[in-house]
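Read through the structure below, which is laid out as structure tokens, and then see the notes.
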Amino acid sequence: MIANSPRPVTAGALLPVRPVALERISCGFPSPAQDYATDELDPRDLLVRDAVSTFYVSVEGHSMIDAGLDDGDIAVVDRGITPVNGMVVVAVVDGQQMIKRLITDGDDVRLHPENPEYPDLLVTDAMDARIWGVVTWALHRMK
């Protein structure tokens, strides 16, 4: 479920541009070359494909925990991406917003939670259902 209304991406909404090392950083023994930064990183370059169609939403609940989305996380949602089978999407079903994995099989459409404690939702013709956007990133604090 989406806890808050989507917030559009605005200039300066993310972290400022910071230097970044071009070398990959090991989780093992550190390299002496890691102190050398030769480029800059603007998080918007990673998170936002199109600022007009990109929104942040707060995640509520645990139904997508196995996809890397948990309660309190921020999901980055792009409304300009065409949803296809297997993508994590924001769906609106009978007025209820939810984040689920889109599963299509022939004419069948399911919204699949990534937590075995939650059931799939089979979308039927009797439902007012639409895909609002595609989740492209999950932001959360490290534990």
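Against the definition (touching a Leu at 6+ places or on another chain (Cβ under 6 Å) and buried (at least 18 other Cβ atoms within 10 Å of the Cβ)), how does Val135 come out, yes or no?
Details: touching a Leu at 6+ places or on another chain (Cβ under 6 Å): no; buried (at least 18 other Cβ atoms within 10 Å of the Cβ): yes.
No; evaluated as a whole, the condition is false for this residue.
Could you tell me whether Leu122 is in a strand (DSSP E or B) and surrounded by fewer than 17 Cβ atoms within 10 Å (Cβ to Cβ)?
yes
Answer yes if at least one residue in the range 101-109 is surrounded by 13 or more Cβ atoms within 10 Å (Cβ to Cβ) and within 14 Å of the chain's Cα centre (by Cα), and no otherwise.
Let us first name the residues in the range 101-109 that are surrounded by 13 or more Cβ atoms within 10 Å (Cβ to Cβ), namely 101-104, 109.
Subsequent filtering for residues that are within 14 Å of the chain's Cα centre (by Cα) retains 101-102.
Yes.
Can you pull out the residues in the range 71-86 that are more than 10 Å from the chain's Cα centre (by Cα) and closer than 27 Å to Asp105 by Cα?
Within the range 71-86, Arg79, Gly80, Ile81, Thr82, Pro83, Val84, Asn85, Gly86 qualify.
Can you name the residue in the range 125-143 that is closer than 17 Å to Gly68 by Cα and in a loop (DSSP other than H, G, I, E, B) and, of all such residues, is modelled with the lowest pLDDT?
So, considering only residues that are closer than 17 Å to Gly68 by Cα and in a loop (DSSP other than H, G, I, E, B), the one modelled with the lowest pLDDT is Lys143.
Give the range 61-88 a look and list any residue that's loosely packed, with under 15 Cβ neighbours inside 10 Å and outside any loop (DSSP other than H, G, I, E, B), or say none.
Across the range 61-88, the qualifying residue is only Asp66.
The values are calculated or read from the model by the stated rules, or taken from the named source; none is laboratory data. Since we're looking at a predicted model, the values are computed, not measured. Please note: Cβ atoms are built from the backbone with ideal geometry, for glycine as well, and neighbour counts cover all protein chains shown.
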